[in-house]
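Here's the structure, in structure tokens; my notes come after.
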Amino acid sequence: MATEVLVPTLGESIAEATLGEWLKQPGDKVAADEPIASLETDKVSVEVPSPVAGVMGQHAVQVGDTVQVGAMIATVEAGDGVAAATPAAAAAPATAPAPAASADAPAALSPSVRRAVLEHGVDPATIKGTGKDGRLTKEDVATAAATAVKAPAAETPVATPSVAASTGRKEERVRMTRLRQTIARRLKDAQNSAAMLTTFNDVDMSAVIEARAKYKDLFEKKHGVRLGFMGFFVKAACMALKDIPAVNASIEGDEIIYHDYADISVAVSAPNGLVVPVIRDADQLSVAGIEKTIGDFGRRAKDGTLKMDEMKGGTFTISNGGVFGSLMSTPIINPPQSAVLGLHRIEDRPVVRDGQVVVRPMMYLALSYDHRLIDGREAVTFLVALKNAMEDPTRILIDL
């Protein structure tokens with residue numbers, strides 16, 4: 001008896017997705033609730049679990065196909081879970097043990113393990129899995145990669161270049177993922193609909209660096225999370241948003257919506273591009289609470305386990321290009337929000353203090369905003385308030 005595998009509900013207003021990858025092939029044993037396919041939506045990747053235990057049946061759609069919510073994409077057959085033999089396996093000598101599908105077959109790798117394999121550039125077939133039923137884990141991949149780095153490289157003879165070797169240039173065409181298509185469309189829509197302008201300032205990070213160096217060990221011991229700079233910036237931004245409510249507002253038709261809360265979108269890196277989960281009620285959280293939330297977002301973005309509801313909403317965005325080495329940029333707003341703050345790398349630069357030229361760790365700040373709603377005066381005032389709070393972190397403590 002066959003059980004149909006249907007596309008699950010993907011979230012409010014999301015009616016379709018793209019089949020990104022099959023995690024199980026026909027004949028593979030599957031357990032109830034075990035992921036058998038990965039779908040790409042406009043925001044995140046979603047795994048499709050098997051509704052029952054059994055043997056993977058036929059695929060009804062191919063990788064890259066667009067599927068609707070509720071559509072049948074495959075079947076799971078009742079059985080003892082013994083995978084059908086492949087021609088290669090049938091031709092193998094009877095004394096040769098068949099390799100475990102969970103260790104060698106790419107279809108048996110979970111998305112997080114598959115990303116680890118690609119990131120470290122290792123062959124999963126050479127790694128012994130320590131997970132359930134011999135499955136590979138991310139730790140197995142990381143250990144194998146570390147072992148490969150430590151092992152001395154074997155000497156290889158220097159090959160003499162062949163005269164007939166091709167020197168032609170090559171091109172590769174790769175279809176854009178649904179997430180990348182959505183990012184491209186939204187960014188272009190933002191440029192077409194908003195009157196965007198960017199205002200810059202810089203901030204002396206000396207005080208925050210000193211505070212972080214002084215308290216980071218105690219902070220991590222007490223809260224179980226590292227003390228970074230984003231906690232300070234989010235708290236400082238929330239304070240500035242209260243002073244300049246237009247920066248935290250949005251336009252809907254011919255009305256302006258002002259928010260008395262701060263839901264801060266933070267851009268984090270994922271395998272298929274940047275995603276922007278939302279710190280709900282960030283103005284009510286402590287620095288520790290903010291750091292814990294951001295750390296959790298970052299880990300789950302890499303694993304592909306962020307939920308779509310965690311991407312929705314947001315009244316203001318902070319994007320930290322400094323972690324990639326960016327010195328200055330003009331970020332694009334995330335509609336329907338009206339502003340985005342761009343952070344950049346910290347760099348020692350000469351500045352004048354009390355008539356003397358001194359070297360200070362400086363960071364450029366960039367605020368891109370919708371000029372239809374936010375005036376230049378408000379944008380500059382917001383950046384100055386943010387700058388003052390970061391250069392004197394005591395202001396964050398006493399809400400000044």
Go through Lys188/Lys235; Lys138/Lys170; Lys222/Lys312; Lys235/Lys312; Lys214/Lys387 and tell me which ones have a Cα-Cα distance over 27 Å in this structure.
-> Lys188/Lys235; Lys138/Lys170; Lys222/Lys312
Part-to-part distance (alpha-carbon centres) for the range 334-391 and the range 250-289, which is given in Å = 19 Å
Can you list residues whose amide H is under 5 Å from Leu197's amide H, if they're 5+ apart or on another chain and H is modeled 1.01 Å from N?
-> Tyr369, His371
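Once you sort the root eigenvalues of the Cα gyration tensor of the range 1-66 as a ≥ b ≥ c, which label holds: rounded (a/c under 1.5), prolate (a/b larger than b/c) or oblate (the other case)?
Values: a/c = 2.12, a/b = 1.71, b/c = 1.24.
Note, shape of the range 1-66 comes out prolate.
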With θ set to phi - 60° and the Karplus curve 6.51 cos²θ - 1.76 cosθ + 1.60, what are the ³J(HN,Hα) couplings of the range 243-256 in order, to the nearest whole Hz, using x for Gly and Pro?
-> 6, 10, x, 4, 5, 9, 9, 8, 9, 10, x, 9, 10, 9
What accessible area, in Å² to the nearest ten, does a 1.4 Å probe give for Arg185?
-> 120 Å²
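How would Ser286, Ser206 line up by accessible area, probe 1.4 Å, largest first?
Descending order: Ser286, Ser206.
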The lysines whose Cα lies under 20 Å from the Cα of Lys221, excluding any fewer than 8 residues away in the same chain, are Lys292
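Of the peptides 228-235, 360-367, 71-78, how do they stack up when ordered by the mean number of other Cβ atoms within 10 Å, highest first? All intermediate terms of the calculation are to be shown ahead of the outcome.
Numbers: 228-235: 22.8, 360-367: 20.0, 71-78: 17.9.
Highest-to-lowest ranking by the protection proxy: 228-235, 360-367, 71-78.
The values are calculated or read from the model by the stated rules, or taken from the named source; none is laboratory data. Just so we're clear, the structure is a prediction, and the values are computed from it rather than from any experiment. Neighbour counts are summed over all protein chains in view; Cβ atoms, including those assigned to glycine, are modelled from backbone coordinates with ideal geometry. We work out accessible area using only protein heavy atoms, side chains counted, and drop any ligands, DNA or RNA first. Shrake-Rupley method; radii C 1.70, N 1.55, O 1.52, S 1.80 Å.
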